[in-house]
Amino acid sequence: MTILLLSGSPSSPSRSARLLNFIGERLNELGQRTVSLHVRDLPAQALLHADFSDPELLAAKALLAKAEAIVIATPIYKAAYSGLLKSFLDILPQDGLDGKIVLPVATGGSQSHMLALDYGLRPVLAALSARHILSSIYATDSQVVWTDGQGLQLDDAISRRVQDGTHLLLDSLVSLQRGKPAGQAVQSPILNGLPC
Ligand SMILES: Cc1cc2nc3c(=O)[nH]c(=O)nc-3n(C[C@H](O)[C@H](O)[C@H](O)COP(=O)(O)O)c2cc1C
């Protein structure tokens, strides 16, 4: 089984990509195989022109097609997921996420747009036929801090969300392997772990 770590941030370095990478490392520790795809590394013109024949876009789509699960990370831009991520989702076929388990992840400047993943991204993932969309993980910039000396520091609430998210992902993969329906998604996930 392969888990694709899909980054939709145009920035480098990227806070959401670092959180995604951290989640990937936790999944590796749990014995899972991960592969990474940064949409910002794909050819911009081919993406913007929706050039379905571009070899790098075809290779990226093939990588996604082979994965059983996807962790999708995006920054929040203008109260929505990034346009770069949208440009990639737009070139997927209508059933591009068929049978896949998806864990949505976002970082944003404030808590004001914590619902953006559930209102904006989740319906698109469902339209692409994702099998099971797990509880989202939303972190504000102050909850995800990078220093050169210490690397990525997560606050306690986000650490717990990451732990819960990775274990839910594994449970769903096990269910998938056994041919059982994936477990019930939590309906108000991004509220978990955030201060009220
Ligand atoms: C163009 C732009 C628009 C942004 N819009 C929002 C926004 O609407 N809501 C929010 O909470 N943060 C917003 N932010 C802050 C980013 O979402 C936040 O800093 C995020 O962690 C950046 O992730 P990245 O480093 O992976 O790109 C915006 C940042 C930029 C550059």
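Quick note: the coordinates plus some simple rules give every number you see, no bench work behind them. Note that the structure is predicted; figures quoted are calculated from it, not measured. Cβ: placed from backbone, ideal geometry, glycine included. Neighbour counts: every protein chain shown.
Find the relative contact order for the chain and round it to a whole percent, using C-alpha pairs within less than 8 Å whose residues are 6+ positions apart.
On the way: 344 pairs, mean separation 40.1, N = 196.
Answer for the chain is 20 percent.
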Could you line up MET114, MET1 from fewest to most neighbouring Cβ atoms inside 10 Å?
MET1, MET114
Work out the count of Lys pairs in the chain where the Cα-Cα distance is under 19 Å, with the pair 8 or more places apart or on different chains.
6
Distance between modelled label sites at GLN45 and ARG160, nm, 7 Å Cα→Cβ extension:
5.1 nm
Simple spin-label model, 7 Å along Cα-to-Cβ: LEU63 to MET1 in nm?
2.1 nm
Inter-site label distance for HIS167 and ALA127 at 7 Å from Cα along Cβ, in nm:
3.5 nm
Estimated vicinal HN-Hα couplings, Hz - segment 22-34 in sequence order (Karplus 6.51, -1.76, 1.60; Gly, Pro = x):
4, 4, x, 5, 5, 5, 4, 4, 8, x, 8, 8, 10
Non-local residues with an amide H under 5 Å from the amide H of TYR77, with H modelled 1.01 Å from N and Pro and chain starts lacking one, are SER82
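Give the Rg/Rh ratio for the chain, taking Rg as the radius of gyration of the Cα atoms and Rh as the Kirkwood radius, to two decimals.
On the way: Rg = 15.7 Å, Rh = 16.7 Å.
Rg divided by Rh gives 0.94.
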